[in-house]
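Peer 1: I'd like to ask you about the structure that follows.
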Amino acid sequence: MQFGSPHHHHELIDSTNVVAKELAADGAPAGTVVTASEQTAGRGRGDRVWTAPAGSALLYSAILRPLDLGHLLLPLAAPLAVCEACESLAPVHCEVKWPNDVWVDERKLAGVLIEARPPDWAVIGIGINLSIADDEFPDDIRWPAISLGHGIDPDAMRVALDAALTKWVAEPTEHVVDVFAARDALRGRELAWEGGPGEGGRSGTGEGIDERGNLLVRTSGGEQVALGSGEVSLKLGRPGD
């Protein structure tokens, strides 16, 4: 399977994920990709708003079907594909902030939002900042966002992402875990979280991920806890705080 065929592009829509989910529900084949120059109701994880000036970001959703146990780490494989695609086009080094943000120099370059109806299909939503000026980012971004720059346009980014995503959704889970560990932006970092495990204090130090993609944290009391992405909201201090 190769992502990018068929490809549906829209100048202005509410959300690429919304359109891709409708297509998936209607039986669109695996590999279908939806892109837009601009969207009015894009969102990230936790219903956060994702906005970008027209033509300044890759707004991308891809359909994967059917789903099986080999896709257990899809939420980690997708940001790894983003890292690889971006590095293939620009002289940057990307890291992943678990579970779904891609960072360059401690700033958010891209985000991933996966919505699924197992075992039938998943829609992999990806937004990559390409040429957004610093003063064009929303004021409520807690850590400043960043763009890829270097003259990379959405069409070039889409082609690179189609290829990288095709590769990474098929990678063995062991390889996904190993490569994620090398790009893990939270290992050794002081973290606090809301919800999930951690009685007696919800803070600790990042210790990587386990084979199911959970974030491992060592609490101040010495307990190691595993956090699932649906259970927690992470809070990080700025570097140097």
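Peer 1: Using only Cα atoms and rounding to the nearest 10 degrees, what angle (0 to 90) does helix 74-89 make with the longest principal axis of the chain?
Peer 2: Once rounded, the angle reads 70 degrees.
Peer 1: Can you give the FRET efficiency for residue 7 and residue 150, using 1/(1 + (r/R0)^6), R0 = 25 Å, r = Cβ-Cβ distance, to the nearest 0.05? Spell out each step's value before the answer.
Peer 2: Numbers: r = 24 Å, r/R0 = 0.94.
In this case the efficiency is close to 0.60.
Peer 1: Using only the Cα atoms of region 145-198, build the gyration tensor, take square roots of its eigenvalues as a ≥ b ≥ c, and label the shape rounded, prolate or oblate: rounded if a/c is under 1.5, else prolate if a/b is larger than b/c, else oblate. Walk me through the numbers on the way to the answer.
Peer 2: Numbers: a/c = 2.63, a/b = 1.49, b/c = 1.76.
Oblate.
Peer 1: Next up: Which Cα, out of 94, 37, 131, lies furthest along the positive dipole direction of the chain (beta carbon charges, K/R +1, D/E -1)?
Peer 2: 94
Peer 1: Classify region 1-137 as rounded, prolate or oblate from the Cα gyration tensor: take a ≥ b ≥ c as the square roots of its eigenvalues, call it rounded if a/c is under 1.5, otherwise prolate when a/b beats b/c and oblate if not.
Peer 2: Oblate, because a/c is 1.5 or more while a/b does not exceed b/c.
Peer 1: Given the C-alpha atoms of the chain, compute the convex hull and give its volume per residue in Å³. Write down the numbers at each step before the final one.
Peer 2: On the way: hull volume 29.2 nm³, N = 241.
Each residue corresponds to 121 Å³ of Cα convex hull volume.
Peer 1: How much length, in nm to one decimal, is gained on full extension between residue 92 and residue 40, taken as 0.36 nm per residue of separation minus their Cα-Cα distance? Walk me through the numbers before you get to the answer.
Peer 2: Working: separation 52, 0.36 × 52 = 18.72 nm, distance 2.92 nm.
Result: 15.8 nm gained on full extension.
Peer 1: Round to a whole angstrom and tell me the spacing of the C-alpha centers of region 85-110 and region 119-186.
Peer 2: Cα centroid of region 85-110 versus Cα centroid of region 119-186: 7 Å apart.
Peer 1: Going by a 4.7 Å Cβ-Cβ cut-off, which cysteines of the chain have no partner at all?
Peer 2: 86
Throughout, read-outs are computed from the coordinates displayed, never taken from laboratory work. Predicted model, so just to flag it, every value in this text is computed and none were measured. Cβ atoms come from the backbone with ideal geometry, glycine included; neighbour counts cover every protein chain shown.
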